[in-house]
Amino acid sequence: MFEELDYAPTPIGPVSLRRRMDPVLKREVFEVKLGEEFLMSSAYTASEEALSTLGLDAVTGEELDVLVGGLGLGYTAKAALDCPKTAKLYIAEYLVPVIDWHRRGLLPMGTALTDDPRTQIIEGDFFAMAAAQSFGPVNGAACLDAILVDIDHSPEALLSPHSRPFYDEESLARLSAMLRPGGVFGLWSDDPPDARFTARLEAAFGKGWAEPVTIERPLAGTPIIQTVYFGQVA
């Protein structure tokens, strides 16, 4: 049993927000679906948060300018705001209803993201903006300290074929030019680490690594192994 909090058409299909009581976790769980495909859940958020915490830990300095690609339920963005080094957080999100959920306070964190004066939401296609090296107010070379992306399920499991070019070495190298020295690119993946993609990151950024995140599921019998990838500019 679940309650549908919102349902709206988008250019890539209908998106819905649902809330249900999980009898195993004994708490409310929020879920997002695109058509009949599950996109994300608030049941387990450790890897989404690790994308920010581990990524920003790797960046030295203070007063960081951070870009999050993909707003979703907001756990990556909130972890970035919780980092005391974050001075400005830009969030690129394609789906207008998702932005609206945060502004209306429909999600577990309410309006915490949109109320924070450090946050600026950029409505648009992250992948198109990355190809153009322009995210509205931030564009060109060496304009960011961190770019953290959680949109596709993995570099191989894509929500849409149009994002596939983003994951090649040439596109990643173009993105690396937007990072300041020591800046970090991070990517969430629902799959275990892939050595081929890690090598691609190393070639594009100079340094690349993968951090597996193990999620223990009560009563499931087997854990989930997800991954946060990082590339760092020398």
- 0 to 90° range, to nearest 10: angle between helix 195-205 axis and the chain longest Cα axis: 50 degrees
- Distant-in-sequence amide H partners of Ser154 (H built 1.01 Å from N, under 5 Å): Asp190
- Integer Hz, Karplus 6.51/-1.76/1.60 couplings in order for region 173-184, x for Gly and Pro: 5, 5, 5, 4, 5, 7, 9, 6, x, x, x, 10
- Task: Hey, can you grab everything whose amide H is under 5 Å from the amide H of Leu39? Only 5+ residues off in sequence or another chain; H modelled, so Pro and N-termini drop out.
- Result: Val32, Lys33, Leu34
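Once you charge only the Cβ atoms, +1 for Lys and Arg and -1 for Asp and Glu, what is the size of the charge dipole of the chain about its Cα centre, to the nearest 20 debye?
Dipole about the Cα centre, nearest 20: 200 debye.
Restricting things to alpha carbons, find the Rg to Rh ratio for region 195-234 using the Kirkwood radius for Rh. The partial results should precede the final answer.
Details: Rg = 13.7 Å, Rh = 11.3 Å.
Looking at region 195-234, the ratio lands at 1.21.
When DSSP beta bridges are limited to those with both residues in the chain, what percentage is antiparallel, rounded to the nearest 5? Mind showing how you got there, number by number?
Values: 35 of 55 bridges.
Here the share of antiparallel DSSP bridges comes out near 65 percent.
Might you report the magnitude of the Cβ-based charge dipole of region 45-95 about its Cα centre, with Lys and Arg at +1 and Asp and Glu at -1, to the nearest 20 debye?
Values: 3 positive and 8 negative charges, 14 e Å.
So the dipole magnitude of region 45-95 works out to roughly 60 debye.
If you place +1 on the Cβ of every Lys and Arg and -1 on the Cβ of every Asp and Glu, how big does the dipole about the Cα centre of region 120-177 come out, in debye to the nearest 20?
Working: 2 positive and 9 negative charges, 30 e Å.
Its charge dipole is roughly 140 debye.
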- When all C-alpha to C-alpha distances in region 117-173 are sorted into bins of 5 Å, what percent of pairs does each bin hold, rounded to whole numbers? 4, 15, 28, 27, 16, 9, 2, 0
- Item | Span per principal axis, largest first, for the Cα atoms of the chain (Å) | 50, 39, 35
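If you take every DSSP beta bridge whose two residues both sit in region 30-114, what share of them, in percent to the nearest 5, is antiparallel? Intermediate results must be reported in sequence, preceding the final value.
Values: 4 of 10 bridges.
So the antiparallel bridges amount to about 40 percent of the total.
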- Under the Karplus relation with 6.51, -1.76 and 1.60 and θ = phi - 60°, whole-Hz ³J(HN,Hα) for region 139-144, x at Gly and Pro, equal 7, x, 7, 6, 9, 9
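Return the subset of Lys33/Lys78; Lys26/Lys88; Lys85/Lys207; Lys26/Lys207; Lys88/Lys207 for which the Cα-Cα distance in this structure is over 30 Å, preserving the input order.
Values: Lys33/Lys78 21 Å; Lys26/Lys88 35 Å; Lys85/Lys207 22 Å; Lys26/Lys207 41 Å; Lys88/Lys207 25 Å.
Violating the 30 Å Cα-Cα cut-off are Lys26/Lys88; Lys26/Lys207.
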- Message: At 37 °C and a viscosity of 0.692 mPa s, what translational diffusion coefficient does Stokes-Einstein give for region 96-234, taking Rh as the Kirkwood radius over Cα pairs? Give it in µm²/s as a whole number.
- Response: 199 µm²/s
- In nm, the gap between the two label points placed 7 Å beyond Cα toward Cβ at Lys26 and Ala157 is 3.0 nm
- Message: Using only Cα atoms and rounding to the nearest 10 degrees, what angle (0 to 90) does helix 46-57 make with the longest principal axis of the chain?
- Response: 30 degrees
- Query: Which GluC sites (Glu not before Pro) does region 1-57 hold that lie in a coil by DSSP with at most 11 other beta carbons within 10 Å?
  - Reply: Glu36
- J(HN,Hα) series, region 211-217, from Karplus relation 6.51 cos²θ - 1.76 cosθ + 1.60, nearest Hz, glycine and proline x: 10, x, 10, 9, 10, 7, 10
- So who's got an amide H within less than 5 Å of the one on Gly124, skipping anything under 5 residues away but keeping other chains? H placed 1.01 Å off N, in plane. Glu93, Tyr94
- Query: Once the Cα atoms of region 62-136 are picked out, what are the Rg and Dmax in Å?
  - Reply: 11.9, 34
- Solution diffusion estimate, µm²/s, Stokes-Einstein, region 151-222, Kirkwood Rh from C-alpha pairs, 20 °C, viscosity 1.002 mPa s: 157 µm²/s
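Restricting attention to region 9-60, which trypsin sites (Lys or Arg not before Pro) occupy a DSSP loop and are surrounded by at most 10 other Cβ atoms within 10 Å?
Numbers: sites: Arg18, Arg19, Arg20, Lys26, Arg27, Lys33; in loops: Lys26.
Passing both the DSSP loop test and the Cβ count: Lys26.
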- Within region 34-75, what residues put their amide N at less than 18 Å from the label point 7 Å along the Cα-to-Cβ vector of Ile225? 46-48
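Rg/Rh for region 1-135 to two decimals, with Rh computed the Kirkwood way over all alpha-carbon pairs.
Details: Rg = 15.3 Å, Rh = 15.7 Å.
Reported Rg/Rh, Kirkwood definition of Rh: 0.97.
Every read-out reported here was derived from the displayed coordinates using simple, explicitly stated rules and does not represent laboratory data. Remember, predicted model here, so these are calculated numbers, not experimental data. As a convention, Cβ positions derive from the backbone with ideal geometry for all residues, glycine included, and neighbour counts pool all protein chains shown.
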